[in-house]
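Here's the structure we're looking at; comments come further down.
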Amino acid sequence: MSGLIDSAGSRSGVLGTTELDYEEGDFTPTSNTSTSAVYGHYVKVGNVAHIWAKWEFDATGASATLTGLPFTSGSFAGPKAGILITTNVNWSANMTSVTGYVGVSGTVFYPLMSGDNVAWADGFSVVSGSSVILQLTYNTA
């Protein structure tokens, strides 16, 4: 793919009739655990979505998932990992790292945790007042 789109929407550096598909906007993320405040923003170029989102939980929940991504992920099993920043999340014993992934053909981000001599484990528990910030890049359907 080649080409640039400037703020006026004009094309430059295009080979043939190739044109970039660009979309930007806000979305409302959801969760399987009750939230009090959420925010989401995305930039989609072609079939790649870049997501920035925040969840603030007002309830306690085990294995919280972060749902409501604005685009369905692709149908291939390639890497779709993201970076999480958390506060007031219940970490299991010896857990020191958190990341996650988007499943195949879905709109859910599944957190993963690991630590010293501990295998990767699905999900994390949140308590009222927990916050999670996500930065994610993934291929869309």
Task: Tabulated pairs, the range 63-77, first on the phi > 0 side of the Ramachandran plot, second among the hydroxyl-bearing types (Ser, Thr, Tyr) and loosely packed, with under 14 Cβ neighbours inside 10 Å, C-beta under 8 angstrom, 6+ apart or interchain - done: Gly68/Thr28
Task: Criterion (within 15 Å of the chain's Cα centre (by Cα), of a type outside the set (Ser, Thr, Tyr), at pLDDT below 90 and surrounded by 15 or more Cβ atoms within 10 Å (Cβ to Cβ)) met by exactly one of Gly74, Gly68, Gly40 - done: Gly74
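Return the residues of the range 21-33 that are over 22 Å from Val126 (Cβ atoms) and either in a strand (DSSP E or B) or touching a residue at least 60 places away in the same chain (Cβ under 8 Å) (or both); say none if nothing qualifies. If you could, list the steps in order and put the result at the bottom.
Step one: of the range 21-33, the residues over 22 Å from Val126 (Cβ atoms) are 21-26.
Residues satisfying the conditions are Tyr22, Glu23, Glu24, Gly25, Asp26.
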Open item on the list: Can you say whether Tyr138 is surrounded by 14 or more Cβ atoms within 10 Å (Cβ to Cβ), closer than 18 Å to Asn32 by Cα and not aliphatic (A, V, I, L, M), as far as the supplied structure shows?
Closed with: no
Task: Search result, residues across the range 107-135 that are loosely packed, with under 15 Cβ neighbours inside 10 Å and modelled with pLDDT of 90 or more - done: Gln135
- [ ] Quick one: Lys80 ticks every box in (1) surrounded by 19 or more Cβ atoms within 10 Å (Cβ to Cβ); (2) modelled with pLDDT of 80 or more; (3) within 30 Å of Asp21 (Cα to Cα) except a single one, so which number is it?
- [x] (2)
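The values are calculated or read from the model by the stated rules, or taken from the named source; none is laboratory data. Please read all numbers here as calculations on a predicted model, not as lab measurements. Backbone-built Cβ (ideal geometry, glycine too); neighbour counts: all protein chains shown.
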